[in-house]
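What follows is one structure encoded as structure tokens, with my remarks underneath.
We did not get these values from a lab; they are worked out from the coordinates using the rules stated. Keep in mind that this is a model prediction, so the values were computed, not measured. Here Cβ is always computed from backbone atoms with ideal geometry, including for glycine, and neighbour counts include all displayed protein chains.
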């Protein structure tokens with residue numbers, strides 16, 4: 001290895017050593033459903049600003065995967081799930097310190113690429129098999145909600161792809177590769193100016209999000225209180241969530 | 001490990017440090033497998049594997065991985081030959097581009113495939129106008145393309161290494177004796193190359209069988225068409241059905257082991273020019 005290579009290696013090592021060192025802050029680890037990503041990043045930033053000695057570590061994934069990780073003993077302090085089923089599992093196994101509280105509500109949204117190549121104007125249009133339709137798999141919360149809404153409307157839709165994450169549905173619509181996708185209302189903002197929303201009318205079906213303190217550390221309970229408090233609710237509302 | 005095949009150093013025992021490291025390496029590779037098998041619901045495994053959804057995913061996996069391996073061989077062999085035998089400007093660059101899918105996260109590969117073959121991709125419109133292909137989402141063709149994208153490099157590097165190790169004097173001797181180009185390729189080059197080709201094909205097939213990220217990103221997750229075993233396993237895992245995921249993983253491991261063990265002689269065989277190796281590649 002030449003001198004330059006050694007220099008680069010030494011630099012990388014130095015960066016690794018200094019970068020990994022903690023700063024003596026209290027860390028609170030929050031496991032949150034993927035659909036909460038942007039809202040919880042804002043929540044964490046505001047919480048850290050109010051509590052400078054706390055470092056909020058966020059872990060986003062599908063609720064079922066997070067529940068499985070907590071069941072397997074993952075060191076989470078707080079768990080925010082996108083539906084009740086996955087929360088119930090964790091609570092039933094005695095993994096939580098407190099009782100879950102509902103903190104947000106989400107609705108379904110029908111999104112299309114901004115030029116709407118499939119000419120989708122209402123939910124009923126999704127029964128057209130020539131459309132490339134992306135949905136969540138029925139096993140994940142957004143897919144269960146989508147199926148319930150479609151069944152209520154009597155629409156027989158055949159998705160071309162059943163994604164395991166709602167953001168993968170959004171991506172395919174944003175790229176213009178899918179003509180339509182069923183996502184959460186809160187995902188629409190992440191689509192920016194690449195997607196348009198087709199109004200669905202009043203919806204009875206919603207997903208309620210519960211949160212719970214997993215560990216019995218004081219900072220875990222405090223973060224849950226922050227989510228439920230006025231500041232937390234204001235941030236969630238700004239991302240398209242309702243209060244249940 | 002008890003017999004010592006090297007009689008010239010009879011007193012020397014195997015270096016303990018190396019053996020210890022080798023044992024750790026085996027543990028790193030085998031322990032997760034043991035953990036999986038130990039958590040496998042053996043009593044219900046039969047019924048789980050007999051489920052229609054599982055068999056469907058297995059079928060898609062086998063079809064997609066074999067087609068991807070075939071594509072890798074048909075396109076990869078000429079590419080390997082060009083890289084090994086021709087000298088041209090930018091050869092290093094071409095090789096780097098060819099090998100890139102090996103280090104690229106497969107999800108990135110899937111998105112990149114959209115930019116190439118998708119509706120708004122570089123040749124997407126041509127696909128639409130010339131072949132009437134509106135989308136590759138939810139099609140087996142899309143799954144094969146995604147799998148071939150990530151698995152072809154494994155065939156190319158193995159075949160190229162084989163071509164480089166080939167003694168060129170054998171080929172030139174044959175042509176001096178009057179054999180034409182195709183005869184040399186068919187009777188000399190390909191038979192000598194057979195072990196490398198088999199190894200490359202096995203590697204690329206194995207990579208295609210385990211492929212997940214590019215497939216779900218580019219071809220989506222459609223039962224019976226693009227939902228391979230890895231996609232079905234991930235879906236079961238996301239859905240909080242770990243037992244179904246474990247059962248399908250055991251199935252995938254079983255199929256892979258069967259094929260790898262079946263091919264082990266071909267793969268690890270010493271490089272000798274046995275007459276039987278030519279039977280597969282040259283129809284004579």
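The calculated Kirkwood hydrodynamic radius for chain A is 19.5 Å, given to one decimal from all distinct C-alpha pairs. Shielding value for A:121-132 is 1, the average number of Cβ atoms from other chains within 10 Å of each residue's Cβ. Dividing the summed -39500 (n - 2.57) terms of all DSSP H runs of n ≥ 4 by the residue count of the protein assembly as shown sets its mean residue ellipticity at 222 nm at -17500 deg cm²/dmol. Computed from Cα atoms alone, the Kirkwood hydrodynamic radius reported for region A:72-200 is 15.7 Å. Rg over Rh for region A:6-113 works out to 1.09, using Cα positions for both radii and the Kirkwood form for Rh. Springs between Cα atoms under 10 Å define the GNM used for chain B, and in it the highest mean-square fluctuation of B:242, B:15, B:168 occurs at B:15. Inter-chain Cβ neighbour count for A:60-67, averaged per residue, equals 3 (cutoff 10 Å, partner chain atoms only). Which residue fluctuates most in the GNM of chain A (Cα springs below 10 Å): A:181, A:154, A:143? Answer for the Gaussian network model of chain A: A:154. Helix A:218-228 and the longest principal axis of the Cα set of chain A meet at an angle near 30°.
Taking the average, over residues, of other Cβ atoms within 10 Å as the packing measure, peptides A:49-56, B:53-60 rank B:53-60, A:49-56 from highest down.
What the Cα atoms of region B:50-281 give is an Rg and a Dmax of 19.8, 67 Å. Placing R0 at 41 angstrom, the Cβ-Cβ distance between residue A:197 and residue B:241 gives a FRET efficiency of 0.80 after rounding to 0.05. Going from the fewest other Cβ atoms within 10 Å to the most, the residues A:172, A:194, A:57 appear in the order A:57, A:194, A:172.
For chain A, the longest principal axis of the alpha carbon atoms and the long axis of helix A:3-19 meet at an angle near 80°. Averaging over all projection directions, the Cα-based convex hull of region A:193-244 occupies 5.5 nm² in the image plane.
With the Kirkwood sum run over all distinct C-alpha pairs, the protein assembly as shown has a hydrodynamic radius of 26.8 Å. Packing order of peptides A:129-138, B:224-233, highest average first: B:224-233, A:129-138 (average count of other Cβ atoms within 10 Å over each peptide's residues). With the highest mean first, a sort of the peptides A:60-66, A:205-211, B:102-108 on other beta-carbon atoms found within 10 angstrom per residue produces A:60-66, A:205-211, B:102-108.
For the segment B:232-244, counting C-beta atoms of other chains within 10 Å of every residue's C-beta and taking the mean gives 5.
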